[in-house]
Amino acid sequence: MYGLPRLLTGSILAHECMHAWFVLNYIDCSGKAVNEGLSQLLALMWVEAQHDQEVWEGRLASYFANQIRTHPDEVYGGGFKAALDALQQHGLRTTLLYVKKTGVLPPDNDFQADVGLTAKQQVQAGLQSQKKKHQQVKH
């Protein structure tokens, strides 16, 4: 990665660290889009967290962020959009706990994070919601 801009190097490392998190936590995702989507999300979060940049570096950060947000690939782009939706609805901690427990992103309709619940309780509520939905489909 020698010679790459600092921001690109950092975003690649953040992306790869997310992959390492999946391996270290023995998480087998239901599809590649969950793994790549969350990895892209962490790359974006890293890029957007960079401050005190010179003007040119700020423009480069905007460019890299736009590349992640508008990636046309179904796995990287579609997975990122699904991961971003989960982040916005449930927060990072709850989303990651849910993925760690289930291998999938939390559902976006009937599972709403309750700020009065702990992250563990939120994951359990999401699992119960998913179980109810699965039972309805069976009948």
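For the range 6-20, a residue qualifies if it is surrounded by 15 or more Cβ atoms within 10 Å (Cβ to Cβ) and either touching a residue at least 40 places away in the same chain (Cβ under 8 Å) or among the polar types (S, T, N, Q) (or both), and the qualifying residues are LEU7, LEU8, GLY10, SER11. How many residues are among the β-branched types (Val, Ile, Thr) and in a helix (DSSP H, G or I) when one looks only at the range 67-84? So the count comes out to 2. Of everything in the range 85-106 that is among the β-branched types (Val, Ile, Thr) and either part of a helix (DSSP H, G or I) or without any contact (Cβ under 8 Å) to a residue 24 or more places away in the chain (or both), the residue that is most open to solvent (accessible area, probe 1.4 Å) is THR102.
Yes/no matrix, rows are residues, columns are (1) under 21 Å from LEU92 (Cα atoms); (2) of a type in the set (Gly, Ala, Ser); (3) touching a Leu at 6+ places or on another chain (Cβ under 7 Å); (4) outside any loop (DSSP other than H, G, I, E, B):
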{"site": "TYR2", "(1), (2), (3), (4)": "no, no, no, no"}
{"site": "ALA14", "(1), (2), (3), (4)": "yes, yes, yes, yes"}
{"site": "HIS19", "(1), (2), (3), (4)": "yes, no, no, yes"}
{"site": "PHE22", "(1), (2), (3), (4)": "yes, no, no, yes"}
{"site": "ILE27", "(1), (2), (3), (4)": "yes, no, no, no"}
{"site": "GLU36", "(1), (2), (3), (4)": "yes, no, no, yes"}
{"site": "ALA65", "(1), (2), (3), (4)": "yes, yes, yes, yes"}
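Could you please tell me which pairs satisfy a Cβ distance under 8 Å, a separation of 6+ or placement on different chains, a first residue in the range 36-61 that is closer than 15 Å to CYS17 by Cβ and free of Cβ contacts under 8 Å to residues at least 24 places away in the same chain, and a second residue that is of a type in the set (Lys, Arg) and buried (at least 18 other Cβ atoms within 10 Å of the Cβ)? Cβ pairs passing all conditions: none. When we screen GLN50, GLN67 for residues that are in contact with a Lys or Arg (Cβ under 9 Å, 6 or more places away or on another chain), at pLDDT 90 or above, under 23 Å from PRO5 (Cβ atoms) and of a type in the set (S, T, N, Q), the only hit is GLN50. Screening ARG59, ARG69 for residues that are of a type outside the set (Phe, Trp, Tyr) and touching a Phe, Trp or Tyr at 6+ places or on another chain (Cβ under 9 Å) leaves exactly one candidate, ARG69.
The values are calculated or read from the model by the stated rules, or taken from the named source; none is laboratory data. For clarity, every value in this text was computed on a predicted model and none was experimentally measured. Reconstructed Cβ throughout: ideal geometry from the backbone, glycine too, with neighbour counts over all protein chains shown. The protein model used for the area step is the full one, side chains on, heavy atoms only, and it has no ligands, DNA or RNA in it. Shrake-Rupley method; radii C 1.70, N 1.55, O 1.52, S 1.80 Å.
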